[in-house]
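Here is the structure we will look at, set down as structure tokens.
The values are calculated or read from the model by the stated rules, or taken from the named source; none is laboratory data. Everything numeric here is computed off the predicted structure, so don't read it as measured data. All Cβ positions, glycine included, derive from the backbone under ideal geometry; neighbour counts span all protein chains shown.
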Amino acid sequence: MASEPHRSHLLEIEDLVMAFGGLTALMNIQLRVDKGTIRAIIGPNGAGKTTLFNLITGVLSPTEGTIRFNGHVISGQKPHKIAALGISRTFQTVELFDNMTVIENVMVGRHLHINTSFLKCGLGLPAIRSQETAIEAHAMGLLNFIGLADKANSMADSLPLGERKILEIGRALATDPLLVCLDEPAAGLNETETETAARLIKAIKGKGVTVLLVEHDMKVIMNISDHITVLNYGEKIAEGTPEEIRGNPKVIQAYLGDSIAVI
Amino acid sequence: MLRIRKAPIGVGALFILLFPWVAGRLPVIEHYPDLMVFAGIYCLVTIGMSLLMGYAGQISLGHAAFYGIGAYASGILTTHYNLNPWLCILIGSAAATAVAVFVGAPSLRLRGHYLAMATLAFGIIVNIVFREEAEWTGGPDGMGGIPGLDIFGFSFDSIHKYYYLVWIVVAIAFFFTIRLIQSPTGRALRAIHASEAAASAMGIDISRSKIVVFSFSAILASVAGSLYAHYMNFINPSTFDTLFSIKLVIMIALGGMHTIWGAVVGSVLFAFLSFEWLHQFGEYEIVVYGLVLMMVTIYLPEGLVGLPGRIAQRVRR
């Protein structure tokens, strides 16, 4: 039944069903994401996009179906286990650690790469300190990459929304993920901020990291995605390159409606 | 904010070091070192609890039980089995850890304040065991004959000696906790406190972290209970009842639950309030505690430790 896992498929979703009581949020979803590409998931509100993200990152367990990632079955696993396998994410409602500075937020993202224990930390062993220096340097490098190095020591909650979203992406990258799931990275951003975010996402792909993207901003999606999957009422109604999706009548009817003119 | 500020630690250490000497010279406060032994014992319990409350975001309403487990481990094992008191402290801690994992694991896997409910019930049950197992615990009358502590022939047989012993243990717990908060583990705890969703997405095992913190706080409480038993040489169940669990929460709220300093300040202040300054209220003492707790939560949500900052803010305006 399940086809041979293809080597270049980083993420494979088979017959995925998610039901909340009587409401079926996702129905028989199949999805294959190639390594090193940007895949956008689009669809009207309530189409099941965030539910899909929550299933991939372990926040929810699917009712049926399997999710395979890099050779491991991850459906039903705990979020921190899935993070350890190489999936990282951002949240639609930005979830930063507001009680920390910008650089500390990124440093939390290095948690998986720290060899530590409660006891070692409490005793303040020198090994922990040298590790901290290395983590700080790594985090600073990432802040340079995302362009927030000058804000390293500001508190995270003092940043404007645009920078908060960028910081969240930076924190997600700190885990050294193979796949990052970005939940509406451009929502609420002005045009300049959106461009910055789009450029950053392309740069992430440039680093060889696969990107899964939920977004409403059509300009961003058409501009940066390699493939687009369209969901509507929990079902996949179309899939293809931006050009194919642009011309797909089903998509136009279900999702774009009259606003096709703006693309 | 999370760098170790050396000045307050220096002042605090100097105060603790010189206090018995000063008190000995002033007849009015001659007995204060005795109170400070209790204050130190309370500090041990509240340092662990404030880590649990302030960083893991969980409230325990049953820490008197862990305090009691330490005390009764010391009491029973020394008097019935003649074990070395230091060994008893270790056994008590091990028992407290095991019980903490047993009580904490199911409730800390869930979100919300299930731990508060579980520990409340657990505290009541443990207290009933202390009261009913009279053959072992002496029942409601308590048990005496618990030996004092000594090490390599040096006996902690005076108030002043025990004072320094207790405060050395407090210092160890204090520095361990401060270091922990500034370490990667502490950062993970602060992350959990800010956003569990994001923390787990970063690979932090939330329930495990909470269970570890809860167990750590149980160990500190158990050590404190043992120190209490070896100091008083006598224990009875009412010391370890639910009211004491609630008093512990009051201590932390009073001092401020977002820093370890809050636990220390709150415990010391509470010890003096309860043994010295609120005596004249007699049975109404508990009403005063209630009022204090209400006032602090309404007007000083950061506790007394947050007071200087508040005043500074006012003055600047």
Within the stretch A:46-70, the residues that are within 14 Å of another protein chain (Cβ to nearest Cβ) and either part of a strand (DSSP E or B) or among the aliphatic types (A, V, I, L, M) (or both) are A:Leu55, A:Ile56, A:Val59, A:Leu60
For the stretch A:13-29, the count of residues that are out of contact with any strand residue (DSSP E or B) (no Cβ under 6 Å at 6 or more places or on another chain) and assigned to a strand (DSSP E or B) equals 4
Q. Any chance the stretch A:117-131 includes a residue that's within 9 Å of chain B (Cβ to nearest Cβ), within 22 Å of B:Asp205 (Cα to Cα), outside any helix (DSSP H, G or I) and touching a Ser or Thr at 6+ places or on another chain (Cβ under 8 Å)?
A. yes
Of the residues in the stretch B:96-114, those that are at pLDDT 95 or above and polar (S, T, N, Q) come to B:Thr97
The residue that is surrounded by the fewest Cβ atoms within 10 Å (Cβ to Cβ), considering only those in the stretch A:131-152 that are under 15 Å from B:Arg187 (Cα atoms) and not hydrophobic (A, V, I, L, M, F, W, C), is A:Thr133
**OP:** Kindly indicate whether any position in the stretch A:170-192 is more than 14 Å from every other protein chain (Cβ to nearest Cβ) and part of a helix (DSSP H, G or I).
**Re:** yes
* Can you find a residue in the stretch B:50-59 that is assigned to a helix (DSSP H, G or I), at pLDDT 95 or above, crowded, with 18+ Cβ neighbours inside 10 Å and of a type in the set (Gly, Ala, Ser)? -> no
Of those in the stretch B:159-188 that are over 24 Å from A:Arg129 (Cα atoms) and aromatic (Phe, Trp, Tyr), the residue nearest to the other protein chains (Cβ to nearest Cβ) is B:Trp167
B:Ser245: passes all of (1) over 30 Å from A:Ala84 (Cα atoms); (2) out of contact with any Leu (no Cβ under 7 Å at 6 or more places or on another chain) but (2)
Looking across the stretch A:71-92 at residues that are within 7 Å of another protein chain (Cβ to nearest Cβ) and out of contact with any Leu (no Cβ under 8 Å at 6 or more places or on another chain), the single one that is nearest to A:Leu11 (Cα to Cα) is A:Pro79
Filtering the stretch A:96-111 for residues that are at the interface with another protein chain (Cβ under 7 Å from one of its Cβ atoms), closer than 17 Å to B:Asp205 by Cα and either assigned to a loop (DSSP other than H, G, I, E, B) or in contact with a strand residue (DSSP E or B) (Cβ under 8 Å, 6 or more places away or on another chain) (or both) leaves a count of 2
Flagged in the stretch A:132-148 as facing another protein chain (nearest Cβ under 8 Å) and of a type in the set (Val, Ile, Thr), in numbering order, are A:Ile135
query = Is there a residue being on the phi > 0 side of the Ramachandran plot and modelled with pLDDT under 95 anywhere in the stretch A:77-93?
reply = no
Any residue that is under 27 Å from A:Leu31 (Cα atoms) and over 17 Å from the mean Cα position of the chain (by Cα) - is there at least one of those in the stretch A:210-219?
yes
Log entry, pairs with first residue in the stretch A:231-252 being assigned to a helix (DSSP H, G or I), second being buried (at least 16 other Cβ atoms within 10 Å of the Cβ) and acidic (Asp, Glu), beta carbons closer than 6 Å, six or more apart or on different chains, reads none
Given (1) farther than 29 Å from A:Gly124 by Cα; (2) without any contact (Cβ under 8 Å) to a residue 24 or more places away in the chain; (3) in a helix (DSSP H, G or I), B:Asp157 misses just (3)
Checked B:Ala199, B:Ala191 against criteria (closer than 22 Å to B:Tyr55 by Cα, within 14 Å of chain A (Cβ to nearest Cβ), buried (at least 24 other Cβ atoms within 10 Å of the Cβ) and modelled with pLDDT of 95 or more); the one match is B:Ala199
Just one listed residue, out of A:Glu132, A:Glu95, A:Glu136, is out of contact with any Phe, Trp or Tyr (no Cβ under 7 Å at 6 or more places or on another chain), among the charged types (D, E, K, R) and under 25 Å from A:Leu11 (Cβ atoms), and it is A:Glu95
The residue that is nearest to A:Pro177 (Cα to Cα), considering only those in the stretch A:83-130 that are polar (S, T, N, Q) and buried (at least 22 other Cβ atoms within 10 Å of the Cβ), is A:Ser88
Reported set for the stretch B:202-230 where residues are basic (Lys, Arg) and either in contact (Cβ under 8 Å) with a residue 40 or more places away in the chain or more than 9 Å from chain A (Cβ to nearest Cβ) (or both) is B:Lys210
| Do the conditions hold for A:Ser8, that is, is it touching a Ser or Thr at 6+ places or on another chain (Cβ under 7 Å) and modelled with pLDDT under 95? | no
All-but-one check, B:Leu77 against (1) outside any helix (DSSP H, G or I); (2) surrounded by fewer than 23 Cβ atoms within 10 Å (Cβ to Cβ); (3) not acidic (Asp, Glu), failing number (1)
